[in-house]
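J.: Dropping the structure in here first, questions after.
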Amino acid sequence: MAWMCGCYGLVLLVLGVIGQKLPTRDEGLFQMQIRDKALFHDSSVMPDGAEISGYLFRDTPKRYYFVVEEDNTPLLVTVTPCDAPLEWRLTLQELPEDRSGEGSGEPEPLEQQKQQVTANEGTELFTYKGNDVESFISTSSPSGLYQLEIISTEKDSNFKIYSTTTPESDQPYPELPYDPRVDVTALGRTTVTLAWKPTPTGSVMGQPIQYCVVINKEHNFKSLCAAEAKMSLDDAFMIAPKPGRDFSPFDFAHFGFVPSENDFHKDRSLTTNRALSNKMSRTYIPKPKVADIQKICIGNKNIFTVTDLKPDTQFYFDVFAVNTGTNMSTAYVGTFARTKEEAKQKTVELKDGKVTDVFIKRKGSKFLRFAPVSSHQRVTLFVHACLDAVQVQVRRDGKLVLSQNVEGVRQFQLRGKPKAKYLIRLRGSRKGASTLKVLASTRAGGKQPFPALPEDTRIKAFDKLRTCSSVTVAWLGTQERNKYCVYRREVSESYGEEHRRREQNQCAGPESRRKSEKVLCKYFHSANLQKAVTTETITGLEAGKSYLLDVYVVGHSGHSVKYQSKLVKTRKYC
């Protein structure tokens, strides 16, 4: 099958490369006809045995012409819509013959020949309208001129076409197995496992095949190019201008190109006069969020688990077999599934004035409920995050009244309402599990359950005061008189900051320590915050050894908070 179009140079190249013998006709007349741009002004080159991509403006048809040289030739034409339904029609045309009648060999005027061709509608072979991948196939086609006309009536659109006169030997698209369905084999709250039969093109014929999985929340896709078009809506394929309309420098700027100053001034008079008439008709389509549609190519595996999905959400899954040699693909029959609901958590009831211990898994959440039995004007909420920071949200009768990230000990004052109920949501850290102590109280005044802390809870070691048997450290206090207890523990030489961070649990009190590790306890406060600092020299240490020092501040109700641990080392030689 020889293919032809109005582009003279390309047609000569294609005809020359193919090198097939054309059917008997006036070759000189034929070449003159295809050279005339006015005759096939809207046509395009269509190579035999290769897939090409095209672009359609809405309501503007595109035509492809090609010649089948011999009778009884197999013919396959496949059209793939990418992002809009298409209408396409395949017809068998007749080229105008030499009607000079005088036998002079001079062809008729080209305009007259054009009228003869365009007036002939041709024999209609196949029509289709829709967004499916559709094919015309014939095992025995007559020789002649074929015309493929495509139009998009909904919007500007991309498409792909593949044609061949040797469909049996080409087989460019991966073949589907006898059961082309994608099955859901396992379903969780955030995961879905998919499985499908392998394509015979890879498993039997040994062609290079990989599978691509597309996940989205809207619908299944009938082709890979349709999914890719959805993923690149922001580019809108450069939102090409309407036919016959020119770019202005402002149009180039819109596409990210900056014209030179010379070009701008040279065309300024033209663009100024035509600014209104040459505006491009663009429709801005926001790009879908990355999470809304994903394409993952997984090699030749035919089982895949999709992770990090949203619970209780319906997703659509499509699998495409892609021939990596030709980059042509075939769609399996897609499926859909709804992920399982988030496990309903038991809500913990808080008692007025009582401390509750809470454990949260990594990236997990916990719900606490506080329902005071008596009328109240204010609720005091204490949150002690023992490890990493946590997020705290409080709703009073469904209305959000607090949303904060909490590190260490925090106190919140919430306005009360008669018979109000409070729902507290605690969201854990992404780094690891979280441990908290939470207290809610409606009682005004009285001693606070947790000790007051300074803004800086680090322990400072004085290097110049370090000896072979002692270290001197300091820490900040507050205006509130509290009890401070110091503990020490010998650690190995390999003990580092990472070990110290893992053991930094502020809620683990002195009761969790060995008696032999205790150094001392003392009371301390200062009315002047600028002077609220205390020092302590820890003696009885061994030379050249590493020690981990901890300071606990103990509140009036017995609840303690640990300062940040400090790693120190005595001098080896004195």
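The values are calculated or read from the model by the stated rules, or taken from the named source; none is laboratory data. None of these values were measured; they are calculated from a predicted model. Positions of Cβ are generated from backbone atoms using ideal geometry, with glycine treated the same way; all protein chains shown enter the neighbour counts. The accessibility values were calculated without ligands, DNA or RNA, using every heavy atom of the protein model including side chains. Shrake-Rupley method; radii C 1.70, N 1.55, O 1.52, S 1.80 Å.
J.: Which residue out of LEU541, LEU548 is buried (at least 18 other Cβ atoms within 10 Å of the Cβ), of a type in the set (A, V, I, L, M) and in a loop (DSSP other than H, G, I, E, B)? Even if it seems obvious, please write down each step before you answer.
T.: On the way: LEU548 fails: in a loop (DSSP other than H, G, I, E, B).
Result of the check over LEU541, LEU548: LEU541.
J.: Something else about it: Of everything in the range 485-497 that's open to solvent by 30 Å² or more (accessible area, probe 1.4 Å) and assigned to a strand (DSSP E or B), which residue is farthest from VAL533 (Cα to Cα)? Walk me through it before giving the result.
T.: Restricting attention to the range 485-497, the residues satisfying the condition of being open to solvent by 30 Å² or more (accessible area, probe 1.4 Å) are 488-490, 492-494, 497.
Okay, now just the ones that are also assigned to a strand (DSSP E or B), so 488-490.
Details: ARG488: 20, ARG489: 23, GLU490: 26 Å.
So, considering only residues that are open to solvent by 30 Å² or more (accessible area, probe 1.4 Å) and assigned to a strand (DSSP E or B), the one farthest from VAL533 (Cα to Cα) is GLU490.
J.: Now, a different point. Here's a check for you: in the range 473-484, which residue that is in a strand (DSSP E or B) and more than 14 Å from HIS556 (Cα to Cα) is most open to solvent (accessible area, probe 1.4 Å)?
T.: Here is the first cut: in the range 473-484, the ones in a strand (DSSP E or B) are 473-476, 482-484.
Narrowing further to those that are more than 14 Å from HIS556 (Cα to Cα): 473-476.
Numbers: VAL473: 3, ALA474: 9, TRP475: 4, LEU476: 70 Å².
If we take residues in the range 473-484 being in a strand (DSSP E or B) and more than 14 Å from HIS556 (Cα to Cα), then LEU476 is most open to solvent (accessible area, probe 1.4 Å).
J.: Please go through the range 415-450 and pick out each residue that is aromatic (Phe, Trp, Tyr) and over 21 Å from GLY509 (Cβ atoms). Let's see the steps before the verdict.
T.: Taking the range 415-450 first, the residues aromatic (Phe, Trp, Tyr) are 422, 450.
Once the filter is applied, which keeps residues that are aromatic (Phe, Trp, Tyr) and over 21 Å from GLY509 (Cβ atoms), the range 415-450 yields only TYR422.
J.: Which pairs turn up if I take residues in the range 364-376 that are assigned to a loop (DSSP other than H, G, I, E, B) and look for partners that are exposed (fewer than 14 other Cβ atoms within 10 Å of the Cβ) and not polar (S, T, N, Q) with beta carbon separation below 6 Å, at least 6 apart in sequence or on another chain?
T.: ALA371/LYS421; SER375/PRO418
J.: Is there a residue in the range 407-428 that is crowded, with 20+ Cβ neighbours inside 10 Å and part of a loop (DSSP other than H, G, I, E, B)? Quick ask: steps written out before the conclusion?
T.: Going residue by residue through the range 407-428, those that are crowded, with 20+ Cβ neighbours inside 10 Å are 409, 422, 424, 426, 428.
Within this subset, residues satisfying the condition of being part of a loop (DSSP other than H, G, I, E, B) are 428.
Yes, that holds for at least one residue.
J.: Sticking with this one: Name the one entry in VAL68, VAL77 that is touching a Phe, Trp or Tyr at 6+ places or on another chain (Cβ under 7 Å), modelled with pLDDT under 90, closer than 29 Å to ASP170 by Cα and open to solvent by less than 20 Å² (accessible area, probe 1.4 Å). Lay out the reasoning, then the answer.
T.: On the way: VAL77 fails: modelled with pLDDT under 90.
Checking each option against the conditions leaves just VAL68.
J.: Which ones in the range 506-527 are out of contact with any Gly (no Cβ under 7 Å at 6 or more places or on another chain), part of a strand (DSSP E or B) and not basic (Lys, Arg)?
T.: Residues of the range 506-527 out of contact with any Gly (no Cβ under 7 Å at 6 or more places or on another chain): 507-523, 527.
Restricting the remaining residues to those that are part of a strand (DSSP E or B) gives 518-523.
Of everything in the range 506-527, those that are out of contact with any Gly (no Cβ under 7 Å at 6 or more places or on another chain), part of a strand (DSSP E or B) and not basic (Lys, Arg) turn out to be VAL519, LEU520, CYS521, TYR523.
J.: Name the residues in the range 498-526 that are at pLDDT below 90, small (Gly, Ala, Ser) and either open to solvent by 40 Å² or more (accessible area, probe 1.4 Å) or farther than 19 Å from GLY555 by Cα (or both), would you?
T.: SER512 - this is the single residue of the range 498-526 that is at pLDDT below 90, small (Gly, Ala, Ser) and either open to solvent by 40 Å² or more (accessible area, probe 1.4 Å) or farther than 19 Å from GLY555 by Cα (or both).
J.: Right, something else. Any idea how many residues of the range 527-538 are open to solvent by less than 50 Å² (accessible area, probe 1.4 Å), touching a Ser or Thr at 6+ places or on another chain (Cβ under 7 Å) and among the β-branched types (Val, Ile, Thr)?
T.: Total satisfying the criteria: 1.
J.: Among the strands (runs of 3 or more DSSP E) lying completely within the range 113-230, list those that include at least 1 residues that are among the small types (Gly, Ala, Ser) and within 26 Å of CYS82 (Cβ to Cβ). Talk me through it step by step, then tell me what you get.
T.: Working: elements: 123-130, 134-141, 144-151, 157-164, 183-187, 192-195, 209-216.
Fully inside the range 113-230 and qualifying: 123-130, 134-141, 157-164.
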